[in-house]
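To start, the structure under review is shown below, and the notes come after it.
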Amino acid sequence: MSETLRGKKVVFVFGSLDLGGAERRGLLLADYLQKCTGAVVQVIGLNDTPGRLSSLCDQLGISWWGVRFHWGLRRRVTSFLRAVQAVRRGEPDIVLSYTRVPNLVCAWGKRWLGAKLLVWNQADEGLLLNGSFAFRVAAEAPDCFISNSMGGRAFLMETYGISPDKVNVVPNGVAMATPRLGRAEWRSQWDVALEVPVVGMVANLSVYKDHDTLVRAWGRVIAAGWKQPPVLVLAGRCDGTEQGLKALAHDLGISEQLKIIGAVDDVAGLLQALDLFVYSSRSEGVPNGVLEAMASGLAVVGTDIPGIREAVGPEGVAYLTPVGDCDAMADRIIELLREKAARQQVGQTLRERVEQSFSLEVMCRRSEDVIASAFRHYQRKD
């Protein structure tokens with residue numbers, strides 16, 4: 001283990017103090033750096049409302065603070081200056097930014113952050129980024145990049161011409177907690193009998209996750225005819241699409257077979273209460289939700305995008321469907337729900353894959369190596 005980061009101040013910058021996949025991944029790394037390398041870790045959210053991320057920071061003994069931030073044009077400059085000042089306040093040696101807005105803010109403000117090293121973390125395949133001049137300027141600033149998928153790496157190189165030796169691929173690592181509630185207890189909360197098939201998706205309810213296509217697919221699933229109609233559970237922070245999804249379910253006549261349950265702390269327990277996992281996102285790196293489902297031994301039906309294809313590997317591609325294709329997604333769900341033996345075999349194969357290729361230890365050590373190597377390179381130049 002390298003001594004390079006011992007005593008160095010490492011500031012993680014996230015879009016909020018709530019919890020999504022990128023925030024979860026970053027916090028796991030933050031905890032590792034603090035405990036295993038001797039780095040002094042701090043977390044900043046570009047939102048001053050405490051949430052699940054800040055609560056976890058308290059539990060882990062990680063310092064955090066939030067800053068009032070608005071991306072709207074009228075307040076963008078003021079918010080940008082406030083955010084840069086907040087990062088600078090941490091007196092960072094190293095800044096790690098996550099997701100689009102923090103990446104752009106830290107890149108544009110790099111010269112004022114006071115940090116020796118800026119690491120841009122690419123958690124998707126270029127969602128909401130483009131080749132505009134402003135974004136190209138931002139992409140020139142980081143000292144190195146960490147992408148959690150080959151698709152994200154390809155986007156950075158092809159769109160911004162970033163040198164391949166600056167873009168490092170570090171797959172997400174999975175850390176499953178001990179379930180708090182069992183299968184029967186979760187299903188009791190949903191008022192669903194143990195013998196009823198349950199399919200679930202764990203992802204914040206934002207437009208980019210395309211739950212709309214999944215709900216439309218679910219209408220086809222229910223119409224296929226069942227002795228006991230299956231139930232679809234959507235878990236994740238509600239970001240404004242939930243009312244539209246409920247209205248769509250009502251129009252399709254499937255409201256009784258849809259449960260929108262909001263953010264969940266006991267993801268491990270929830271996954272054990274499912275029979276099948278589904279993920280309908282339009283753009284991702286390698287999704288934590290899919291990896292956690294694989295670690296729980298669930299078969300996965302998902303959209304055929306590079307990040308999900310990387311996650312499930314050759315063993316799972318037969319159950320990936322075109323983005324936005326509700327008919328194809330419904331067909332794969334019906335197939336696996338009706339073929340229990342095949343579903344269990346796929347789930348076991350995916351569990352073995354995640355254990356071999358997506359361990360938390362590997363993610364943290366590779367990230368440490370990338371950051372320490374880049375920091376040593378800076379010191380040699382200095």
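The values are calculated or read from the model by the stated rules, or taken from the named source; none is laboratory data. Here the structure is a predicted model, which means the values were calculated and not measured. Heads up, the Cβs are rebuilt from the backbone with ideal geometry, glycines too, and the neighbour counts pull from every protein chain shown. Keep in mind that these areas ignore ligands, DNA and RNA; they rest on the heavy atoms of the full protein, side chains included. Shrake-Rupley method; radii C 1.70, N 1.55, O 1.52, S 1.80 Å.
Quick test for you: out of Ala184, Ala247, Ala217, pick the one residue that is within 24 Å of Val300 (Cα to Cα), open to solvent by 40 Å² or more (accessible area, probe 1.4 Å) and of a type outside the set (Asp, Glu).
Ala184
Do we find a residue being open to solvent by 60 Å² or more (accessible area, probe 1.4 Å) and among the aliphatic types (A, V, I, L, M) anywhere in the range 165-173?
Within the range 165-173, none of the residues are open to solvent by 60 Å² or more (accessible area, probe 1.4 Å) and among the aliphatic types (A, V, I, L, M).
Scan Leu27, Leu19 and give me the residue that is among the aliphatic types (A, V, I, L, M), modelled with pLDDT of 95 or more and either open to solvent by 10 Å² or more (accessible area, probe 1.4 Å) or within 19 Å of Val267 (Cβ to Cβ) (or both).
From the options Leu27, Leu19, the qualifying one is Leu27.
Can you name every residue in the range 52-72 that is among the β-branched types (Val, Ile, Thr) and within 17 Å of Cys106 (Cβ to Cβ)?
The answer is Val67, and nothing else.
For residues in the range 187-196 being assigned to a loop (DSSP other than H, G, I, E, B) and open to solvent by 30 Å² or more (accessible area, probe 1.4 Å), which is nearest to Asp239 (Cα to Cα)?
Asp191
Applying the selection to the range 131-153, what residues are under 19 Å from Ser281 (Cα atoms) and out of contact with any Lys or Arg (no Cβ under 6 Å at 6 or more places or on another chain)?
If the condition is that a residue be under 19 Å from Ser281 (Cα atoms) and out of contact with any Lys or Arg (no Cβ under 6 Å at 6 or more places or on another chain), then Asn148, Ser149, Met150, Gly151, Gly152, Arg153 are the ones that fit.
Could you tell me which numbered condition Val323 fails, if it satisfies all but one of (1) surrounded by fewer than 20 Cβ atoms within 10 Å (Cβ to Cβ); (2) part of a helix (DSSP H, G or I); (3) in contact (Cβ under 8 Å) with a residue 24 or more places away in the chain; (4) of a type outside the set (Phe, Trp, Tyr)?
(2)
Which of the residues spanning the range 223-244 are more than 26 Å from Ser16 (Cα to Cα) and surrounded by fewer than 20 Cβ atoms within 10 Å (Cβ to Cβ)?
Across the range 223-244, the qualifying residues are Ala223, Ala224, Gly225, Trp226, Lys227, Gln228, Pro229.
Taking the range 197-209 as the region of interest, how many residues are in a loop (DSSP other than H, G, I, E, B) and out of contact with any Gly (no Cβ under 6 Å at 6 or more places or on another chain)?
Selection size over the range 197-209: 2.
So for the range 339-352 (the condition being open to solvent by 30 Å² or more (accessible area, probe 1.4 Å), within 30 Å of Cys144 (Cα to Cα) and part of a helix (DSSP H, G or I)), does at least one residue qualify?
no
Being in contact with a helix residue (DSSP H, G or I) (Cβ under 9 Å, 6 or more places away or on another chain) and surrounded by fewer than 20 Cβ atoms within 10 Å (Cβ to Cβ) is the filter here, so list the residues in the range 52-61 that pass it.
Arg52, Leu60, Gly61 - these are the residues of the range 52-61 that are in contact with a helix residue (DSSP H, G or I) (Cβ under 9 Å, 6 or more places away or on another chain) and surrounded by fewer than 20 Cβ atoms within 10 Å (Cβ to Cβ).
Can you tell me which residue in the range 115-135 is surrounded by the fewest Cβ atoms within 10 Å (Cβ to Cβ), limited to those that are at pLDDT 95 or above and part of a loop (DSSP other than H, G, I, E, B)?
Ser132
Would the range 91-102 turn up any residue that is part of a loop (DSSP other than H, G, I, E, B) and in contact with an Asp or Glu (Cβ under 9 Å, 6 or more places away or on another chain)?
Yes, the conditions are met somewhere in the range 91-102.
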